[in-house]
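Down below is the structure, laid out as structure tokens.
The values are calculated or read from the model by the stated rules, or taken from the named source; none is laboratory data. All values reported here derive from a predicted model rather than from experimental measurement. Cβ sites come from the backbone with ideal geometry, for glycine too, and all protein chains shown count toward neighbours.
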Amino acid sequence: MPTTVRVALGQRSYDILIGRGLRRAAGDFLRQSAEASHAIVVTDDNVRPLYGEAFASDLRALGFRCDILSVPAGEPSKSIKHAEALWHDVSRLGCDRRSTIVALGGGVVGDLAGFIAATFMRGLPFVQIPTTLLAQVDSSVGGKVGINLPAAKNTVGAFWQPAGVLIDLDVLTTLPEREYRAGLAEVVKYGVILDAPFFAYLEQHIPEINRRDPAALEQIVARCCELKARVVEQDERELTGVRAVLNYGHTFCHAIETVTGYGQFLHGEAVAIGMACAARLAESMGRVKSDFVLRQRELLEKVGLTTAMPRLDEGQLLDAMRRDKKAERGKIKFILPMRLGCVEVVSDVDPELVRKVL
Ligand SMILES: NC(=O)c1ccc[n+]([C@@H]2O[C@H](COP(=O)([O-])OP(=O)(O)OC[C@H]3O[C@@H](n4cnc5c(N)ncnc54)[C@H](O)[C@@H]3O)[C@@H](O)[C@H]2O)c1
Ligand SMILES: [Zn+2]
């Protein structure tokens, strides 16, 4: 039986369905959640031959009209150029009230296809079928969609909730090792920021996690979706600060990504390092003890993530943090732990302490 997590957002409420072999049930899900009879599947060139074609022919066999559009795999596809091409493609294919965009892929496809859905004809329904661990536990839930500008990531976008999220854990078997580990960084993050028992569960299931044990993954993905759903319900548009807790480790992470030009680290890899930095910063402020820092580091390392800060220019990192879109008037905001399972937003951190952590 699949697990269902409801995201309660009034008229924009939707279900996340988590289980195995689910993409074969996508037809029912599309009809129920988006009342669709025409699916425009947006995917990337890696996922298309793995799952895209089979998925489209399954839908056609169920009587759907189904078109498939594909972009090159990777972050550069979250661009104005590819968004423009997709707008033209979708326009050419013709849409009516029963057309739905289906994002089948990782976070890149989800953000891009979601952005097309949010903008085309002032908004089409869309369904997320995330195929990376990161997309399953994070990017497919919560309605943030968008593209990058050449100079800044995720600067053009919208809040556009999906009509549903269908998570098929079977697709994780083909995910490259590095991508899988990167997704685990966000998993560990949920434990640290919101759920100490979940953190302990992860500590106790390291062999299962490392061999992608289906039962453990089902528990883990479902719990992460539930935690994210509860946060998004309280602060859909990131206005009250509740949703900001999800950015734990991300101030450091974004600075690392910016300074290394987005080429060296996968997002999750930079998140792991960023979490280690945030923990050490909190320790230097006397907010947590060294055992917190150690416990977090051990878990991250046991699931194959590096936590050591790479050799990078401190000045450049600090500059990048001050220019971060979440900084206010040059004041860098950090999400810092108080104890396992609990973090808060702190905006008046002594830059000297930050420098020491770097
Ligand atoms: N909207 C949000 O709330 C949110 C949150 C976090 C991250 N993001 C965004 O997500 C993006 C990163 O997403 P990602 O880590 O999923 O990267 P990605 O979409 O680039 O996917 C990673 C790689 O895995 C391949 N792939 C995907 N599924 C596969 C499968 N099942 N088997 C084999 N290969 C597969 C892809 O083709 C790609 O090469 C970033 O652009 C980031 O900004 C958005
Ligand atoms: Zn992240």
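Which of the residues spanning region 56-88 are free of Cβ contacts under 8 Å to residues at least 24 places away in the same chain and in contact with a strand residue (DSSP E or B) (Cβ under 6 Å, 6 or more places away or on another chain)? Correct list: Ala56, Arg60. Taken over region 228-245, residues that are surrounded by 23 or more Cβ atoms within 10 Å (Cβ to Cβ) and either within 14 Å of Leu336 (Cα to Cα) or within 14 Å of ligand 2 (Cβ to nearest atom) (or both) amount to 1. Only one of (1) crowded, with 24+ Cβ neighbours inside 10 Å; (2) within 11 Å of ligand 1 (Cβ to nearest atom); (3) within 19 Å of Leu69 (Cβ to Cβ) fails for Gly146. Which number is that? Every listed condition holds for Gly146 apart from (1). Looking only at residues of region 176-205 that are small (Gly, Ala, Ser) and either within 13 Å of ligand 1 (Cβ to nearest atom) or not in a helix (DSSP H, G or I) (or both), we find that the one that is farthest from Val47 (Cα to Cα) is Ala185.
As for region 91-103, it holds no residue that is more than 12 Å from ligand 1 (Cβ to nearest atom), under 20 Å from Val165 (Cβ atoms), at pLDDT 95 or above and surrounded by fewer than 21 Cβ atoms within 10 Å (Cβ to Cβ). In region 53-73, is there at least one residue being in a strand (DSSP E or B), away from ligand 2 (no atom under 16 Å from the Cβ) and among the acidic types (Asp, Glu)? The answer is yes, given that some residue of region 53-73 is in a strand (DSSP E or B), away from ligand 2 (no atom under 16 Å from the Cβ) and among the acidic types (Asp, Glu). Exactly one condition in (1) farther than 20 Å from Leu133 by Cβ; (2) touching a residue at least 40 places away in the same chain (Cβ under 8 Å); (3) assigned to a helix (DSSP H, G or I) is false for Glu283; which is it? With respect to (1) farther than 20 Å from Leu133 by Cβ; (2) touching a residue at least 40 places away in the same chain (Cβ under 8 Å); (3) assigned to a helix (DSSP H, G or I), Glu283 is out only on (2). Of the residues contained in region 220-227, none is found to be away from ligand 2 (no atom under 16 Å from the Cβ), of a type in the set (A, V, I, L, M, F, W, C) and not in a helix (DSSP H, G or I). Just to be sure before I move on: is Asp111 within 8 Å of ligand 1 (Cβ to nearest atom) and either in a helix (DSSP H, G or I) or under 16 Å from His38 (Cα atoms) (or both) in the structure I sent? Yes, satisfied. Taking first residues from region 228-254 that are on the phi > 0 side of the Ramachandran plot and partners that are outside any helix (DSSP H, G or I) and more than 16 Å from ligand 2 (Cβ to nearest atom), the Cβ contacts under 7 Å between residues at least 6 apart in sequence or on separate chains come to Gly241/Val345.
Every test in (1) basic (Lys, Arg); (2) exposed (fewer than 15 other Cβ atoms within 10 Å of the Cβ); (3) within 18 Å of Cys225 (Cβ to Cβ); (4) within 16 Å of ligand 1 (Cβ to nearest atom) is passed by Lys81 save one, and that test is (3). Please count how many residues of region 255-269 are over 22 Å from Leu299 (Cα atoms), surrounded by 19 or more Cβ atoms within 10 Å (Cβ to Cβ) and near ligand 1 (Cβ under 10 Å from one of its atoms). Total satisfying the criteria: 1.
Conditions (1) within 21 Å of the chain's Cα centre (by Cα); (2) over 29 Å from His82 (Cβ atoms); (3) surrounded by fewer than 22 Cβ atoms within 10 Å (Cβ to Cβ); (4) of a type in the set (D, E, K, R), marked per residue:
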residue: Val7; (1), (2), (3), (4): yes, no, no, no
residue: Arg12; (1), (2), (3), (4): yes, no, yes, yes
residue: Ile16; (1), (2), (3), (4): yes, no, no, no
residue: Asp28; (1), (2), (3), (4): no, yes, yes, yes
residue: Ser37; (1), (2), (3), (4): no, no, yes, no
residue: Ile40; (1), (2), (3), (4): no, no, no, no
residue: Thr43; (1), (2), (3), (4): yes, no, no, no
residue: Glu53; (1), (2), (3), (4): no, no, yes, yes
residue: Ser57; (1), (2), (3), (4): no, no, yes, no
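Give region 136-165 a look and list any residue that's in contact with a strand residue (DSSP E or B) (Cβ under 9 Å, 6 or more places away or on another chain), in a loop (DSSP other than H, G, I, E, B) and away from ligand 2 (no atom under 15 Å from the Cβ), or say none. Across region 136-165, the qualifying residues are Gly143, Trp160, Gln161, Pro162, Ala163. Here Arg122 fulfils each of the conditions (1) within 15 Å of ligand 2 (Cβ to nearest atom); (2) surrounded by fewer than 24 Cβ atoms within 10 Å (Cβ to Cβ) apart from (1). Take the conditions (1) away from ligand 1 (no atom under 11 Å from the Cβ); (2) buried (at least 19 other Cβ atoms within 10 Å of the Cβ); Pro162 misses just one of them, which is (1). If you check Ala272, Ala216, Ala276, Ala282 for being surrounded by 21 or more Cβ atoms within 10 Å (Cβ to Cβ), more than 16 Å from ligand 2 (Cβ to nearest atom) and either of a type in the set (Ser, Thr, Tyr) or on the phi < 0 side of the Ramachandran plot (or both), only one passes: Ala282.
Filter region 322-351 for residues that are part of a loop (DSSP other than H, G, I, E, B), of a type in the set (A, V, I, L, M, F, W, C) and at pLDDT 95 or above and give the result. Can you show your working first?
From region 322-351, those part of a loop (DSSP other than H, G, I, E, B) are 324-327, 329-330, 332-333, 340-341, 347-350; that's our starting set.
The next check asks that each one be of a type in the set (A, V, I, L, M, F, W, C); those that pass are 327, 332, 340, 349.
Listed by number, the list holds a single entry, Leu340.
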